[in-house]
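A quick write-up on the structure given underneath.
What follows is calculated from the coordinates using simple rules that are stated; it is not laboratory data. Treat the numbers as computed from the prediction; the structure is a model and nothing was measured. As a convention, Cβ positions derive from the backbone with ideal geometry for all residues, glycine included, and neighbour counts pool all protein chains shown.
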Amino acid sequence: MSKYIYGIDFGTTNSALAILDAENNNLVKLFTIPSLLFFPEPVNPKEPVIPTVGNDAISLYVQNRMRGRFMKSIKKVLPNKSFIDTRIGSKSYRAEDLVALILVHLKKLADAFTGENITTAVIGRPVVFDENPEKDALAQERLSKAAKIAGFEEFYFQMEPIGAAFTYERQIKNQELVLVADFGGGTSDFSLMRLNPEAINQADRKADMLAQGGIYIGGDSFDSDIMWNKGTPHFGRGVKEEFTPGKPIDLPLSYFHSICSWEKMNFLDSLRMKLSIAKSYNFSGKDYRVKNLQTLIEHNLGYVLFKQIEKVKIDLTKVDDAIFEFNESEIEINEPISIQEFEETIIDKNLEKIENYLQEFLDKNQINNDDVDVVFMTGGTSMVRPLNNIFVKRFGNEKIKSGDNFNSVAMGLAYSFKVLAEAEVC
Ligand SMILES: Nc1ncnc2c1ncn2[C@@H]1O[C@H](COP(=O)(O)OP(=O)(O)OP(=O)(O)O)[C@@H](O)[C@H]1O
Ligand SMILES: [Mg+2]
C-alpha cells in the first residue's frame, strides 16, 4: 500500500483535495478547484460532448459565448430523489456520474503529483445533506458510487466540520472545547469537539466528538435572497399580464423562484416554459423586463449574473455600500445595496433560521456559551459580516478564530484517516 492517502472535500462551490503522507501524518500538497462542469455544444452534433471541470469549465463557457450546458452546485442534486439523470448530447449522466467528473479531475491532479494511482481516501460529507433521512442516505450512497467510479477502492466518510476541527487542533497548545462552524455554499454545519494537541495521533477520538448538527442554508441561499429582492424585479416580478381584457394578473411566481436558484434555472430552458414566457411577454404588453427574462434564459446568462451577485455579497464583507451591477445583452441592472439593507431586509430570514438553529443545537446538547472555549469559523460564507456578528455577540470577539476558509475541511479529512482506518480494524 502507498504511504499517501487523499482527503477530499467535495463542496457545493469549491472542492479540495489534500494529500497526506500517512507514515508521518503530514500534509504534502493541496489542490482546490471550483465545483463546476461545462459541456460545450460540439461543432458537429454527431461528435461526443466532452465535459470540462473546474477553472477550465469557466474559461470554456466564456470562450463558447455561454453556449452549452454549465453546471454549478451539483452537490445539491445528491439528495434529490426526483433527479434520475440528465441527458447531455448522446449521453445520460446520473448524479454520481456528474460528481465523479469532479472527483476524477482532483484525483488526476493529485496522482500526477504523487506519481501513483492512489485509491484510498477520506471523503467529507455535510452533517445534513437533507433533513429527510431517506434523502440523506441517498446522497451519501450517490457520493459513494461517485468515489468508486473515480477509482477509489478504500474510502471513509467523515463529517466536514470534524475535518475542520482536526485542522484547527494542529494550531493549539492546550485542550479546548471548540465549536466548529462551517459555512459553505450549500450548508452550515456545526460540530462540538474536545480538542487536545496531545491526542492528535490517537486512533479513537469518538469520545471527543461531542455533538454534530447542520442546516441546509449556505452562501447560495444568500445569493438567492439577493436575486429575489434586487434581481427578479428586473426580470418581471411585479409585472402584470392581461389574458382577459381588464383583468390583469401577476406573472407566475414560479418563473422567479426558478431564476433564484441555480438548480432550478434549467427548468425554464424547456420548450414548454419558453413558450409560456413568450406568451407572458405578449400579454404583458411586451414589457422589457419580461424580455430580460427571455434573454437571461436564451443567452444562458445565469452563471455570469450570479457571479455579479456573489461579488456584491463579497464587497459587503469589506464595505458598507456596494452595487449590484449587470450589463449584458441589453439587460441593465444597477442596484445599490447597503450592509444594513442586506442584513435587515435581504438575508434576514435565512440569518434568523441559522441563529435559531444554533440556539436549538446548543440547547439540545446542553451547552452554555461559557462552556465553549473557542468558536472556529470556516467556509467562505463565514466571512459574511452579519453572520459572523451572530457569533461575536453570543460568544465574544476573543473566542472567535478562523483559518484557511477554503481548505481547512480537506486538510482535516486527510488528518482523520488514522482515526477512521483504525476504528474500522477494531
Ligand atoms: N470573501 C467572501 N465573502 C463572503 N462569502 C464568500 C467569500 N468567498 C466566497 N464566499 C462564498 O462562500 C461560499 C463557498 O464557500 P466554501 O468553498 O466554503 O463552500 P463549499 O465547501 O463549496 O460548500 P459546502 O460546504 O456547503 O458544500 C459561496 O457561497 C461563496 O459565494
Ligand atoms: Mg464546505
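Odds and ends about this structure:
- As a calculated quantity, the FRET efficiency between Ile200 and Lys393 at R0 = 35 Å, using C-beta atoms, amounts to about 0.65.
- Within the range 237-261, backbone nitrogen closer than 18 Å to the virtual label 7 Å beyond the Cα of Glu335 toward Cβ: 237-240, 251-261
- Normalised by residue number, the volume inside the convex hull of the Cα atoms of the range 177-329 is 171 Å³ per residue.
- Antiparallel bridges, percent of DSSP beta bridges restricted to the range 88-200 (to nearest 5): 60
- Contact order relative to length of the chain, as percent, for alpha carbon pairs under 8 angstrom and 6 or more apart: 19
- Near-label residues of the range 272-293 by backbone N, under 12 Å of a point 7 Å along Cα→Cβ of Lys240: 284-285
- Estimated distance in nm for a label pair at Asp404 and Met1, the labels positioned 7 Å out from Cα along Cα-to-Cβ: 2.4
- For the range 309-375, the pair-distance distribution built from all alpha carbon pairs, in bins 5 Å wide starting at 0, is 4, 14, 16, 16, 13, 13, 11, 6, 4, 3, 2, 0 percent.
- When Rg and the Kirkwood radius Rh are both evaluated on Cα atoms of the chain, their ratio Rg/Rh stands at 0.99.
- Principal axis dimensions, largest first and in whole angstrom, of the range 13-129 by Cα: 51, 32, 22
- Counting every other Cβ atom within 10 Å of each residue's Cβ, Phe306, Phe361 order from fewest to most as Phe361, Phe306.
- Residue list for the range 300-340, given a label point 7 angstrom along the Cα-to-Cβ vector of Tyr288 and an amide N cut-off under 18 Å: 325-336
- Projected over all directions and averaged, the alpha-carbon convex hull of the range 1-67 occupies 6.4 nm².
- Near Tyr4, the amide H atoms lying under 5 Å from its own belong to Ala22; only residues 5 or more places off or on other chains count, and H is placed 1.01 Å from N.
- For Ser144 and Asp320, a Förster radius of 41 Å and the Cβ-Cβ distance give a FRET efficiency of 0.35, rounded to the nearest 0.05.
- Residues Lys76, Lys418, ranked from the fewest to the most other C-beta atoms within 10 Å, line up as Lys418, Lys76.
- CD proxy at 222 nm, helix term only [per DSSP H run n ≥ 4: -39500 (n - 2.57); per residue of the chain; nearest 500]: -11500 deg cm²/dmol
- Relative contact order (%) - the range 185-227, alpha-carbon pairs under 8 angstrom, separation at least six: 58
- Calculated P(r) tail over 14 Å for the range 209-269, as whole % of Cα pairs: 65
- Size-normalised alpha-carbon gyration radius of the range 263-344, reference 2.2 N^0.38 Å: 1.29
- Scattering curve values for the range 277-419, log₁₀ I(q)/I(0), Debye with Cα scatterers, q = 0.17 Å⁻¹: -1.07
- Counting DSSP beta bridges with both ends in the chain, the antiparallel % (nearest 5): 75
- For the range 310-426, DSSP calls about 75 percent of its internal beta bridges antiparallel.
- Taken along the Cα-to-beta-carbon direction at a fixed 7 Å, the label points for Asn365 and Gln175 span 1.7 nm.
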